Amino acid sequence: MIDQRLAPQQTLAAEVRAAGVGLHLGQQTQVRLLPAEPEAGRYFVRTDLGPNLKSDSQSDVRADSADLLAEQRITADVGNVIKTQLSTELGVGNAQVRTVEHLLSALSAAAVDNVRIEIDGPELPLLDGSAQEWMAAIARSGISPQPVARKRRMAVTQPVTVQIEDAWVAAFPSSELRFTYGIDFALAAIGNQWHSWSAADSFETEIAPARTFGLAPQIDYLRAQGLIKGGSLENALVCGENGWINPPLRFANEPARHKLLDLIGDLSLLGDIPQAHYVAYKASHALHIKLAQQLAQSCPFLVSA
């Protein structure tokens, strides 16, 4: 990932597709990533919902095209976050899409400003549990520059912190865009671990391969809550009392790197991640979004001369 905020806006050079099962709902979905016009931003379209047709109950005649409701775009914007329970979910009107953070992290890292994301269900596929396959899909498409300057937010000039008990995430003024994440779990195989990464370094090799992870003692409870229905040993690391159930890990601190990946995806909902050093400890999607909401107010978009 290179900090390219002064460069022109970019979109995909061609369409790419991906398919798989969603982590929480367990539904199979197909996704198309398509080039989008300048200033469109990153947005989702639920193709399974489609335009609604009005019906005439007396004549049972299909409404004409003038009565079609326009497609509902779900812009990847922090103002459209509706849930943050073990993933980030966006919604506009009656259209929702969840577990968006891995794809958005990859699009942000690849500096794709404008993209249409068509999906035929309510949750993005988990793929292998990381952002690696999304990065590969973007690479297959290639990137196309556009004749419009990239939108840029003001850098963080004063520390901003959000905290719930001993969990917190903060943004500190910095000469570079950097992310540091710490986690602490009772299971010995995870324990206390940290990772720090600069946006000048490679997202593709250092962050994107890090997979989502779960704790074996919590699986039955989470499934009883209607969560992780699509989770498996093929798309998530699982840690038990005696260690990792499905090793090997891709990195010794893969869980911390994955949490950092999630943080980037959540902060990308700002449209541009303000320059800062972001530090998180035992945080969550809820805390990531609370920080993003504060930064949306304190770091407005700069106005071009």
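The values are calculated or read from the model by the stated rules, or taken from the named source; none is laboratory data. Every value quoted in this text rests on a predicted model; they were computed, and no experiment measured them. Note: ideal-geometry Cβ built from the backbone for every residue, glycine included; neighbour counts use all protein chains shown.
Summary of values
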read-out: The range 85-94, subset in a loop (DSSP other than H, G, I, E, B) and over 14 Å from the mean Cα position of the chain (by Cα), residue nearest to LEU126 (Cα to Cα); value: ASN94
read-out: Cross-chain or 6+ apart pairs with Cβ under 8 Å, the range 40-54 first and closer than 16 Å to LEU90 by Cα, then modelled with pLDDT under 95 and assigned to a loop (DSSP other than H, G, I, E, B); value: VAL45/GLU71; VAL45/GLN72; ARG46/GLN72; LEU49/GLN72; LEU49/ASN94
read-out: Residue satisfying condition, being part of a strand (DSSP E or B) and either surrounded by fewer than 19 Cβ atoms within 10 Å (Cβ to Cβ) or within 13 Å of the chain's Cα centre (by Cα) (or both), within set VAL148, VAL115; value: VAL148
read-out: Within the range 70-84, considering residues that are at pLDDT 95 or above and among the hydrophobic types (A, V, I, L, M, F, W, C), the one nearest to the chain's Cα centre (by Cα); value: ALA76
read-out: Subset of the range 17-44 [assigned to a loop (DSSP other than H, G, I, E, B) and not charged (D, E, K, R)]; value: LEU23, HIS24, LEU25, GLY26, GLN27, ALA36, PRO38, ALA40, GLY41
read-out: Lone unmet requirement of (1) at negative phi; (2) crowded, with 20+ Cβ neighbours inside 10 Å; (3) not in a strand (DSSP E or B) for VAL97; value: (3)
read-out: Residue under evaluation ILE273, criteria (1) part of a helix (DSSP H, G or I); (2) touching a Leu at 6+ places or on another chain (Cβ under 9 Å); (3) closer than 26 Å to PRO38 by Cα, criterion not met; value: (1)
read-out: Residue in the range 251-261 that is assigned to a loop (DSSP other than H, G, I, E, B) and aromatic (Phe, Trp, Tyr) present; value: yes
read-out: Boolean, ALA14 is within 24 Å of GLN132 (Cα to Cα), in a loop (DSSP other than H, G, I, E, B), modelled with pLDDT of 95 or more and of a type in the set (A, V, I, L, M); value: yes
read-out: Residue check for ALA286: assigned to a helix (DSSP H, G or I), at negative phi and surrounded by fewer than 22 Cβ atoms within 10 Å (Cβ to Cβ); value: yes
read-out: Per-region count, the range 100-112, residues within 22 Å of ALA283 (Cβ to Cβ) and in a loop (DSSP other than H, G, I, E, B); value: 1
read-out: Any hit, the range 296-303, residues being farther than 15 Å from HIS102 by Cα, assigned to a loop (DSSP other than H, G, I, E, B) and either touching a helix residue (DSSP H, G or I) at 6+ places or on another chain (Cβ under 7 Å) or not hydrophobic (A, V, I, L, M, F, W, C) (or both); value: yes
read-out: Qualifying positions in the range 233-249 - touching a residue at least 60 places away in the same chain (Cβ under 8 Å) and either out of contact with any His (no Cβ under 9 Å at 6 or more places or on another chain) or aromatic (Phe, Trp, Tyr) (or both); value: GLU234, ASN235, ALA236
read-out: Residues within the range 167-217 that are more than 30 Å from GLU234 (Cβ to Cβ) and touching an Asp or Glu at 6+ places or on another chain (Cβ under 9 Å), tallied; value: 5
